[in-house]
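All remarks here apply to the structure that follows.
Since every read-out is calculated from the coordinates, none of them should be taken as a lab result. Please read these numbers as outputs of a predicted model, since none were measured by experiment. Every residue, glycine among them, receives a Cβ derived from its backbone with ideal geometry; neighbour counts consider all protein chains shown.
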Amino acid sequence: MSPESIARFVETDKPSTDKHMKIDLKKRNPVVGMLIQGKDYQDLKSKNFWRVVSSANLAAWKRTGNLEFAKIYSGAEFNKISLVDAV
């Protein structure tokens, strides 16, 4: 996916706290979690990289805000992003 389409989803379609995103990837299993905007969001966005916190680490990330709970994915590997109910 292009950085513009991913950014448009992240910046305009902000999900509520009971919704997660399902990110379908080209060569891996889908990831369920949230795309987050860290302090390096603009820099990563310009390179089409995105921080994703999986649903397994979401509670800990919300509690601490620690970016170590997130993984960085290439937007070129994204096929589709959709909202899903919390797991």
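Among Lys27/Lys80; Lys26/Lys62; Lys26/Lys80, which pairs are too far apart, with a Cα-Cα distance over 20 Å? Where the Cα-Cα span goes over 20 Å, the pairs concerned are Lys26/Lys62. Restricting the range 17-82 to trypsin sites (Lys or Arg not before Pro) that sit in a DSSP loop and have at most 14 other Cβ atoms within 10 Å of their own Cβ leaves Lys26, Lys27, Arg28, Lys39, Lys47. With helices as the sole contributors, the chain gives -7000 deg cm²/dmol at 222 nm; each DSSP H run of n ≥ 4 counts as -39500 (n - 2.57), and the sum is divided by every residue.
Cut-off is 10 Å between beta-carbons; in what order do Val31, Val84 appear when sorted fewest neighbours first?
Ascending number of Cβ neighbours within 10 Å: Val84, Val31.
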